[in-house]
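Report on the following structure.
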Amino acid sequence: MAFVILDPCQGEKSGECVTVCPVDCIEEGPDQFYIDPDICIDCAACKAVCPVDAIEEEYDLSSDQEIFLEKAEEFFANR
Ligand code: SF4
């Protein structure tokens, strides 16, 4: 399981999540921050500090939010 950063991050990109992640798996992309789903340990620390409530657990995503997990997988696959 992993947490996923959704569209409220776009245009905000405050980055508090990067500071608190214990496994350093959040990186800045061109449009928003992304969580590496292969490294995330599901601790929820990032969700607690996000000022725009942009972070959700993978299994809580609605069908129209699943694209953000795919975007994260692509972002880390293409680095
Ligand atoms: Fe990092 Fe924890 Fe957030 Fe996963 S849930 S991205 S491990 S802070």
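Read the figures in this text as sums done on the coordinates, not as results from a lab. Model, not experiment: these values are computed from the prediction. Cβ atoms come from the backbone with ideal geometry, glycine included; neighbour counts cover every protein chain shown.
Structural remarks
- Prolate/oblate/rounded call for region 1-48, Cα gyration tensor, a/c under 1.5 rounded: prolate
- By the beta carbon rule, with partners counted only under 4.7 Å, the chain holds these lone Cys residues: 9, 21, 25, 40, 43, 50.
- Span from the region 1-46 Cα centroid across to the region 55-79 one, whole angstrom: 11 Å
- Its relative contact order, with pairs defined as Cα atoms under 8 Å and 6+ residues apart, puts region 3-56 at 49 percent.
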